[in-house]
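Here the structure comes first, spelled out in structure tokens, and everything after it is commentary.
Only the coordinates and a few stated rules stand behind these numbers; no lab work does. This is a predicted model, so every value here is computed, not measured. Positions of Cβ are backbone-derived with ideal geometry, glycine not excepted, and every protein chain shown enters the neighbour counts.
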Amino acid sequence: MLVYVQVLRFLAAFAVVAFHAWGVAPEGYKVPDGAVSFVLAHGGHGVDLFFVISGFIIFYATQRAPLTAGDFLRRRLERIVPLYFLVTLLGLTLPDIFGTPGWLTWRHVLKSLAFISFTDGEMPVVYVGWSLEYEMYFYLAAALLMALTGHVWRNIVVLFSALVIIGQGPGVAAAAGPYAFFADPLILEFVLGVIVGMAFVGGRVEWAALAAAGCAAGVVLATDPSSRVIVSGIPSAILIAAAAFASGKRIALSWFERALARLGDASYSIYLAQVNTVWLATMALVALVPGIPPLLLVFAVSSIVTALGLALNIFIERPALQLVRRLDWSRPDRGPTAAAADSALAPATVSAWRQRRADAIRKIR
């Protein structure tokens, strides 16, 4: 198991939850300005870590067994859609908490479910779903290139890098309006994950991919040095590279590492579980323990949401995924190779170099 990549997935989810818990704390329970408050204020950048991990995982998953574009996209939809639809539809029953009057229109709901609420310049019904719209964009682009080209990952790095460079041109973002989404520098974070995956799996990065990504990063640095891809994306890529290579050398895991890795496996559920529950848990704790210290409040709320997310993973996400896969009658009986391809990070078998590394790895989602 790439245990430290899993740990990073959990830490990314927990950081985002803590950020929202810090943000909704009522007056009198705000964490005082200082180093801790500064860290919590940047917890939302756990999403950047998620994006880089996603690029890394998806690249790595496709190196073990051949996948058609349809197979690839189906597996991504099976992982993302059921739980997201459930949480979104649940929001329809709680309009007083989820949004303002007029928020839950049919147009908005349908666009949220289709991962295209950005086209109206709005957040989706489930506010954390904005990041899933980027994820789905990445998956669709990868599937399209799988169907049309033979060098999928080099081409997606070049394509996304070119889009970002074009998007940084004078007046382009203003002219594109909401459709500047397609050239947002955030998509470079998936590119960074792919590049880390190339280095980890093959020991090298194709020069065309490296040159394209370097040029795009240089343009973003020149036009917006404070861009998230610069201040969070690049450090996230370094963290993931270190975690992946360190995990390859780690064989005997402690119980604590296994526990954190299990929470990493539930990171998607934890991420979605925070919708509504952060605010509800905060208000409940403030009512039950009026004198609770602000930092303890943030930690307690984050822990409650983590526990709820783990329960959601155990009782909803995993069973739903199993059900969806059992209902896919068109899928042929799968042998060991195809079964391994369903996980996000499983043993690699393409080369002797990868096989040596894979000896220390088992399935990771």
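The table below gives the values:
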{"read-out": "Amide H contacts of residue 266 (H built 1.01 Å from N, under 5 Å, at least 5 apart or other chain)", "value": "none"}
{"read-out": "Crossing angle, helix 255-265 versus the chain [Cα axis fit, 0-90 degrees, rounded to tens]", "value": "90"}
{"read-out": "Phi-based couplings in Hz for the range 2-7 (Karplus 6.51, -1.76, 1.60; Gly and Pro marked x)", "value": "7, 4, 6, 5, 4, 4"}
{"read-out": "Order by protection proxy (mean Cβ within 10 Å, highest first), peptides 290-300, 50-60", "value": "50-60, 290-300"}
{"read-out": "Residue 211 versus residue 77: modelled label distance in nm, points set 7 Å from Cα along the beta carbon direction", "value": "3.8"}
{"read-out": "Spacing of the two label points (7 Å from each Cα toward its C-beta) at residue 289 and residue 249, in nm", "value": "4.0"}
{"read-out": "HN-Hα J in Hz across the range 224-237 - Karplus 6.51, -1.76, 1.60, θ = phi - 60°, x for Gly and Pro", "value": "8, x, 8, 4, 4, 5, 7, 7, 10, x, 5, x, 4, 5"}
{"read-out": "Fully extended contour minus Cα-Cα distance, from residue 27 to residue 327, at 0.36 nm per residue", "value": "103.0 nm"}
{"read-out": "Paramagnetic label zone (point 7 Å from Cα along Cα-to-C-beta, residue 68; backbone N under 12 Å) in the range 145-188", "value": "147"}
{"read-out": "Computed helical MRE - 222 nm, the chain, DSSP H runs ≥ 4 contributing -39500 (n - 2.57), nearest 500", "value": "-21000 deg cm²/dmol"}
{"read-out": "Spin-label zone in the range 285-306 - amide nitrogen under 19 Å from a point set 7 Å from the Cα of residue 38 along the C-beta vector", "value": "295"}
{"read-out": "Protection-proxy order for peptides 175-187, 126-138, 270-282, each taking the mean of Cβ atoms within 10 Å per residue, highest first", "value": "270-282, 126-138, 175-187"}
{"read-out": "Ratio of the Cα radius of gyration of the range 32-177 to 2.2 N^0.38 Å, where N counts its residues", "value": "1.23"}
{"read-out": "Distance in nm between pseudo-label sites at residue 85 and residue 280 (7 Å out along the Cβ direction from Cα)", "value": "2.3"}
{"read-out": "Amide N proximity, the range 146-174 versus residue 231 label position 7 Å along Cα-to-Cβ, cut-off under 17 Å", "value": "none"}
{"read-out": "Semi-axes of the equivalent ellipsoid for the chain, Cα gyration tensor, largest first, Å", "value": "31, 25, 22"}
{"read-out": "Under Karplus coefficients 6.51, -1.76 and 1.60, residue-wise ³J(HN,Hα) of the range 38-43 in Hz, glycine/proline x", "value": "4, 5, 5, 5, 9, x"}
